[in-house]
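What follows draws every value from the coordinates through simple rules; no lab data is involved. As the structure is a computational prediction, the values presented were derived from the model and not from experiment. Note that each Cβ is placed from the backbone with ideal geometry, even for glycine, and that neighbours are counted across all protein chains shown.
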Amino acid sequence: MIDRQIHKVELIEASLDDVWEAWTTDEGATTFFAPQANIDLKIGGSYEILFNPDAPEGERGAEGLKILSFLPHEMLSFEWNAPPQFPEIRKEKTWVVVQMDPVGEDKTLVGITHLGWCPGDDWEQVYQYFVRAWDIVLGRLEHRFASGPIDWNNPFTPKAD
């Protein structure tokens, strides 16, 4: 593996407790990350984010991945894989560290660091994919707290309450 990483930071207008719940529970993840999630918050517990839950197994999203570590209300790390359009690299795992720092009572600084990259042209394509994808994830997290949960039938529209 090469010493390369993607690092993104976003200030989210939400409490640390709310942001922690968004990243660490099925209910929270489905408000911004994907339409379905399977999260078991324990070391070695599942961390599956299903972008296409009705697709065949292996093509639903971040499947079969595990939580690597966490510090409650501070940090979460989990395995990650490439999207299905990169089948050879999808077999390998990278990892993601999400850090959360409160800024007052109603804002949280969220940092995402994606690590574990190998050299090669296909790996470069996946790297560039995630440079863009993590911006989308953070944008949806911000949108979720500013306007409400994502409506997965129309991903850029919050659900009606």
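Under the criterion of Cα pairs below 8 Å and six or more residues apart, the relative contact order for the range 73-147 equals 22 percent. Put in order of Cβ neighbour count within 10 Å, fewest first, the listed residues Tyr127, Tyr47 become Tyr127, Tyr47. Farthest towards the positive end of the charge dipole of the chain, among the residues Ile12, Ile49, Gly120, is the Cα of Gly120, using unit charges on the Cβ of Lys, Arg, Asp and Glu. From its DSSP helices (H runs of at least four residues, each -39,500 (n - 2.57)), the chain gives a residue-normalised ellipticity at 222 nm of -8500 deg cm²/dmol. Compared with the direct C-alpha span, the chain from Lys8 to Glu59 gains 15.8 nm at full extension, assuming 0.36 nm per residue.
Loop sites by DSSP among the trypsin sites (Lys or Arg not before Pro) of the chain, restricted to those with at most 11 other Cβ atoms within 10 angstrom, leave 92-161 as the longest stretch without any of them. In summary, the convex hull built on the alpha carbon positions of the range 6-158 has an orientation-averaged projected area of 8.3 nm².
The slack between Leu109 and Arg132, meaning 0.36 nm per residue of separation minus the straight C-alpha distance, is 6.4 nm.
From the square roots a ≥ b ≥ c of the eigenvalues of the alpha-carbon gyration tensor of the range 19-64, which class results: rounded (a/c under 1.5), prolate (a/b over b/c), or oblate? Judged from the Cα gyration tensor, the range 19-64 comes out oblate (a/c at least 1.5, b/c at or above a/b). Ranked by the mean number of other Cβ atoms within 10 Å of their residues, highest first, the peptides 9-16, 81-88 come out as 9-16, 81-88.
Restriction of the GluC sites (Glu not before Pro) in the range 25-87 to DSSP coil positions whose beta-carbon has at most 12 other beta-carbons within 10 angstrom yields Glu57.
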